[in-house]
Amino acid sequence: PLGGNGTSGGGDGGGMRMLPEGVGQILSALPILAFAFLCHQNSFPIYKELIRPSPQRMSLVGHWSISICCFVYMMSGLTGYYTFLEHTESNLLKNFAVQGTYFSLPMDAVRTGFGASMVLSFPLMVWEARHNLDVLIFGERPYAVWRNFGLNLAIVSVTGAVGMSVSELDQVLT
C-alpha cells in the first residue's frame, strides 16, 4: 500500500514516489523525457537515405537497431552486475578505480572515449532540434545567422542547466 507521501509502506523511504517532491526532482525527470525522444528526429534523414525507402524497410531498420541496442545494454548490465554484484553503481564506470590498478589505464581510455562521444554527438543532435524549432517557431523563412545563433544558445543553455542539475547518470537513463 502507498503511504501518504506517495511512497510504499514501511516508513523506510526506499519505495517508489508517485510524484516529485520538489523542483530538483522535476528537473531530474526532464532528461529522462528528453532521452526517450532523443533519436526520433533522426528517423526522417535515415528514411531518406534508405535504398528504395518504404515503411517496411524503415520498420526493419528500426527493429534491427532496437534489437542491437537492447543486446548491448543487456550485456553491459549483466557483465557489470556479475563483476560487482550488490556493489554495482548505476554508472558502471564509477565502479572502476580511477588510479592504482592494472585496469586504470584502459578505464581512462573508456572514460575519455565516452566523453568525446558525448561532446562530438551533441552538435548532430542539436542541429536537428534547432532546425525543427526554427521551422516550428519562425516558419519557412530564409536562413538567418542571428536566429540560428539564438536557437543554439537557447538549446545549449537549457540542456546545460539540466545537465548540471542532474547528479547521477541513472536519473537520465532510467
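What is segment 64-122 by shape, rounded, prolate or oblate, if you read a ≥ b ≥ c off the alpha carbon gyration tensor as root eigenvalues and call it rounded for a/c under 1.5, prolate for a/b larger than b/c, and oblate otherwise? Oblate shape, in that a/c is at least 1.5 and b/c is the bigger or equal ratio.
How much accessible area per residue does segment 46-151 have, in Å², with a 1.4 Å probe? Spell out each step's value before the answer.
Numbers: 8540 Å² over 106 residues.
Accessible area per residue, segment 46-151: 81 Å².
For segment 131-140, putting each phi into the Karplus relation 6.51 cos²θ - 1.76 cosθ + 1.60 with θ = phi - 60° gives couplings of 4, 5, 5, 4, 5, 5, 7, 10, x, 8 Hz, in residue order, rounded to whole numbers and with x for Gly and Pro. What the phi angles of segment 53-65 give under the Karplus curve with 6.51, -1.76 and 1.60, with θ = phi - 60°, is a coupling list of x, 7, x, 5, 5, 5, 4, 5, 4, x, 5, 5, 5 Hz, glycine and proline written as x.
Quick check on segment 112-161: take the gyration tensor over C-alpha atoms, sort the square-rooted eigenvalues as a ≥ b ≥ c, and tell me if it's rounded (a/c under 1.5), prolate or oblate. Can you show the working numbers first?
Working: a/c = 2.77, a/b = 2.23, b/c = 1.24.
Judged from the Cα gyration tensor, segment 112-161 comes out prolate (a/c at least 1.5, a/b above b/c).
Taken along the Cα-to-beta-carbon direction at a fixed 7 Å, the label points for Val72 and Arg111 span 2.2 nm. Annotation: amide H-H contacts under 5 Å for Glu89 (H modelled 1.01 Å from N, sequence separation of 5 or more, or interchain): Asn95.
If a/c stays under 1.5 just call it rounded; otherwise compare a/b with b/c (prolate if a/b is bigger, oblate if not). Do that for segment 42-171, with a ≥ b ≥ c from the square roots of the Cα gyration tensor eigenvalues.
On the way: a/c = 2.78, a/b = 1.49, b/c = 1.87.
Oblate, since a/c reaches 1.5 and b/c is not below a/b.
The values are calculated or read from the model by the stated rules, or taken from the named source; none is laboratory data. Bear in mind that the values here come from a model prediction, so they are computed numbers and not experimental data. Note: ideal-geometry Cβ built from the backbone for every residue, glycine included; neighbour counts use all protein chains shown. Surface areas here come from the heavy atoms of the whole protein model, side chains and all, with no ligands, DNA or RNA. Shrake-Rupley method; radii C 1.70, N 1.55, O 1.52, S 1.80 Å.
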